[in-house]
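Worksheet: one structure, shown below.
The values are calculated or read from the model by the stated rules, or taken from the named source; none is laboratory data. The model shown is predicted, which means the values in this text are computed figures rather than measured ones. Here the Cβ positions follow ideal geometry from the backbone for every residue, glycine too, while neighbour counts run over all protein chains shown.
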Amino acid sequence: MISKKYISSFILATALTFAACERVETEPRDWILDTLVWDDKDKNATVAVFFLNNIYSYIPDGFNRINGLGGDFLETGTDDAIPSRTNRQAEYYTNGLISTVNNPDPYWGTSYAGIRRVNIFLSNIDKVPADPNSITIWKAEARYIRALLYFELVKRYGGVPLIGDRVFTIQDDLSIPRNTYEECINYIVSECDAVKGTLTPEPVSDSNWGKIPRGATIALKARALLYAASPLFNGGGISTNANLKALMGYPTYDVNRWQKALDAANELIGLNYYALQTSFSGVFTTKKNTEIILAKQSGNNFLIENYNAPVGFGSPAASLGLTSPSQNLVDAFPTITGLDITNAQSGYDPQNPYANRDPRLALTVFFNGQTWLRRAVETFEGGLDKPGGIAVQTRTGYYLRKFMADFSNNTTYTNQSHNFPLFRYSEILLNAAEALNELGRTTEAVTRIIDIRKRAGIRAGTDNRYGIKAGISQTEMRALIQNERRIELAFEEHRFWDIRRWKIAETATSGSLKGMKIVKNTNATLTFTPFVVSTMKFSNKLYSMPLPYDETLKNNKLIQNEGW
């Protein structure tokens, strides 16, 4: 017999079932409506701030980002490195496989998605009854991020469509032509100038750390103007079509563009807040310091070590060794004297190649003999970190060391600050040096490079010039500055764009990408022999990225870049 208690329970359950069936879901339960985001009763703007935080997520990242998390550094598409895994998309930049439908760094959609989010925020935030001062700052932060996203587009593609504050709907005509390069640079600079007085001035409190500070606006302006003054964009574009010339740069050269770049760099220096840190490596593992102007925030972790440290280290400090720096990059580091290794006075010994080198070398790449996790790194043939017979190991004899904490005496990795540096003070000094030199003020440029070399640990020498010869010419100084940027800013996503704006990519990324083969002899001595890892190819069309094929199909007013 069925109990009355059972029957009652059945009736209740059935009633609830029918009641549930009557509640029809007309929209996704997780959908946040505009009325909730821009709530006219939310004095704390709680959900609106969530929306702003999402805009922050569009700030570019670095590290192993090509092909997603655990991918490759952008520098593995230059002469500075190669992926340890073969047939990776990052190599398309150096083997000629880039196309309009096959670009490992397709930033167009990401940037415009972020720009749209900014415009939605700006058009709605005043509906929220939050503190007016807070709203003003939030608007400035959003506008800065929009300017940064436009710069990410312009450095890849040249002039792009500027859409102002418009929020398009599906009914709008989205066939919008590209603005000129000049119009885009002017817009980025004007936005930076417009918001810099509103954003948080330095020093930034701990409670506001990670938000856009005033200095970031000046740093972005300085970089945008430096690029605009550079050979590729300052009247030296590769386009033969007059319309494309204006889209991809300034049609004619103007030396005053270098003065604008210098003025912007000096404006940031003049804040008298930012400064070089004593420790080069500490810049990247100390979350808050006066050298970092803006960084992409992330939680503490040891992903950089896991992904890039030498492969011979297993559990509990497993390392994948995904990045292989090149011999080309290693050779770019001078000796401790500041002299190039090709200089007979430098003291360089090709059979003891890592002795008495610029201290930044050991903090940028792992080479044979360095101490890590209480043992020596072994990248000689058959060594623990180049054993042969495994799919992924160094292809060059080197692994990436930069950005990592000092784990030389540890037995495992621990969580560390790994915020990717978007702008830091040493870049500003390098920007100033480059602009000074191009303006013919080479002597003043030398002082900026000396500041950087002094912090690096280069010896002053009897003449206190840190390896920079007396009477250096403008041409010689140009090459020295370019090399200093290469080694100081390695793996910070500068080399890829620098060799393009300088118009030296056809030399830098053509020919041999080299590694170092190390053989351990029977008497335990080592023999070092450079070897060719791959042969790089470059064509002039690679000075700019191709507009995505699907975008040119959807918008017939978009003119494709030359060669694509």
**Fill in**
Of Arg486, Arg465, the only residue that is surrounded by fewer than 20 Cβ atoms within 10 Å (Cβ to Cβ) and either part of a loop (DSSP other than H, G, I, E, B) or basic (Lys, Arg) (or both) is Arg465
**In the stretch 239-278, residue farthest from Ile458 (Cα to Cα) [restricted to those that are crowded, with 17+ Cβ neighbours inside 10 Å, hydrophobic (A, V, I, L, M, F, W, C) and more than 25 Å from the chain's Cα centre (by Cα)]** = Leu244
**Complete:** Residue pairs within 9 Å by beta carbon, gap of at least six or interchain, first lying in the stretch 42-61 and without any contact (Cβ under 8 Å) to a residue 60 or more places away in the chain and under 15 Å from Ile120 (Cα atoms), second among the aliphatic types (A, V, I, L, M) and surrounded by fewer than 13 Cβ atoms within 10 Å (Cβ to Cβ), listed first then second, are Val47/Ile32; Val47/Leu36; Phe50/Ile32
**Asked** Which ones in the stretch 204-216 are in a loop (DSSP other than H, G, I, E, B) and surrounded by 12 or more Cβ atoms within 10 Å (Cβ to Cβ)?
**Response** Val204, Trp209, Gly210, Lys211, Ile212
**Fill in**
Residue count, the stretch 442-462, condition within 29 Å of the chain's Cα centre (by Cα) and in a loop (DSSP other than H, G, I, E, B), comes to 2
**Complete:** Restricting attention to the stretch 280-317, the residues that are without any contact (Cβ under 8 Å) to a residue 12 or more places away in the chain and more than 26 Å from Ser207 (Cβ to Cβ) number exactly 2
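Residues checked against (1) of a type in the set (Ser, Thr, Tyr); (2) at pLDDT below 95:
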| residue | (1), (2) |
| --- | --- |
| Thr240 | yes, yes |
| Pro251 | no, no |
| Phe284 | no, no |
| Gly314 | no, yes |
| Ser326 | yes, no |
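May I ask you to say which residue of Lys503, Lys514, Lys541 is part of a strand (DSSP E or B) and among the charged types (D, E, K, R)? I'd like the intermediate steps shown before the answer.
Working: Lys503 fails: part of a strand (DSSP E or B); Lys541 fails: part of a strand (DSSP E or B).
Result: Lys514 is the single residue among Lys503, Lys514, Lys541 that is part of a strand (DSSP E or B) and among the charged types (D, E, K, R).
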**Asked** Looking at (1) crowded, with 17+ Cβ neighbours inside 10 Å; (2) touching a Phe, Trp or Tyr at 6+ places or on another chain (Cβ under 7 Å); (3) under 21 Å from Leu226 (Cα atoms), which is the one condition that is false for Phe121?
**Response** (3)
**Message:** Is it the case, given these coordinates, that Thr86 is of a type in the set (Val, Ile, Thr), surrounded by fewer than 20 Cβ atoms within 10 Å (Cβ to Cβ) and more than 17 Å from Met536 (Cα to Cα)?
**Reply:** no
**Residue satisfying condition, being farther than 18 Å from Ala318 by Cα and at pLDDT 95 or above, within set Leu430, Leu373** = Leu430
**Asked** Which one is surrounded by the most Cβ atoms within 10 Å (Cβ to Cβ) among residues in the stretch 361-405 that are of a type in the set (Lys, Arg) and more than 15 Å from Val533 (Cβ to Cβ)?
**Response** Arg401
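Only one residue in Leu373, Leu322, Leu339, Leu363 is more than 24 Å from Ile487 (Cβ to Cβ) and not small (Gly, Ala, Ser), so which one is that?
The unique qualifying residue is Leu373.
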**Asked** Checking Thr527 against (1) surrounded by 15 or more Cβ atoms within 10 Å (Cβ to Cβ); (2) outside any helix (DSSP H, G or I), which single condition isn't satisfied?
**Response** (1)
**Fill in**
(1) in a helix (DSSP H, G or I); (2) farther than 30 Å from Phe403 by Cα; (3) touching a Phe, Trp or Tyr at 6+ places or on another chain (Cβ under 6 Å) all hold for Pro546 apart from (1)
**Message:** One residue is enough: does the stretch 100-116 have a residue meeting the conditions within 19 Å of the chain's Cα centre (by Cα), under 30 Å from Phe367 (Cα atoms) and either in contact (Cβ under 8 Å) with a residue 60 or more places away in the chain or surrounded by 16 or more Cβ atoms within 10 Å (Cβ to Cβ) (or both)?
**Reply:** yes
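Could you name every one of the helices (runs of 4 or more DSSP H) located completely within the stretch 1-107 that has at least 2 residues being at pLDDT 95 or above?
Numbers: elements: 4-22, 34-37, 46-56, 92-95.
So the answer is 46-56, 92-95.
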**Asked** If you go through the stretch 268-314, how many residues are under 25 Å from Lys196 (Cβ atoms), outside any loop (DSSP other than H, G, I, E, B) and touching a strand residue (DSSP E or B) at 6+ places or on another chain (Cβ under 6 Å)?
**Response** 5
**Complete:** Of Ile185, Ile145, the only residue that is in a helix (DSSP H, G or I) and closer than 14 Å to Lys221 by Cβ is Ile185
**Single match in Ala222, Ala194, Ala228 (criterion: of a type in the set (A, V, I, L, M, F, W, C), in contact with a strand residue (DSSP E or B) (Cβ under 7 Å, 6 or more places away or on another chain) and outside any loop (DSSP other than H, G, I, E, B))** = Ala228
**Request:** Among the numbered conditions (1) in contact (Cβ under 8 Å) with a residue 60 or more places away in the chain; (2) within 29 Å of Ser175 (Cβ to Cβ), tell me where Asn483 comes up short.
**Result:** (2)
**Prompt:** Within the stretch 426-444, can one find any residue that is touching a residue at least 60 places away in the same chain (Cβ under 8 Å), touching a strand residue (DSSP E or B) at 6+ places or on another chain (Cβ under 9 Å) and of a type outside the set (Lys, Arg)?
**Reply:** yes
**Complete:** Among residues of the stretch 279-319 being more than 20 Å from the chain's Cα centre (by Cα) and surrounded by 19 or more Cβ atoms within 10 Å (Cβ to Cβ), the residue nearest to Tyr354 (Cα to Cα) is Pro310
**Message:** Checking the conditions here, which among Pro161, Pro129 is touching a residue at least 12 places away in the same chain (Cβ under 8 Å) and touching a helix residue (DSSP H, G or I) at 6+ places or on another chain (Cβ under 9 Å)?
**Reply:** Pro161
**Message:** Please verify whether Gly338 is surrounded by fewer than 21 Cβ atoms within 10 Å (Cβ to Cβ) and of a type in the set (Gly, Ala, Ser), treating the condition exactly as stated.
**Reply:** no
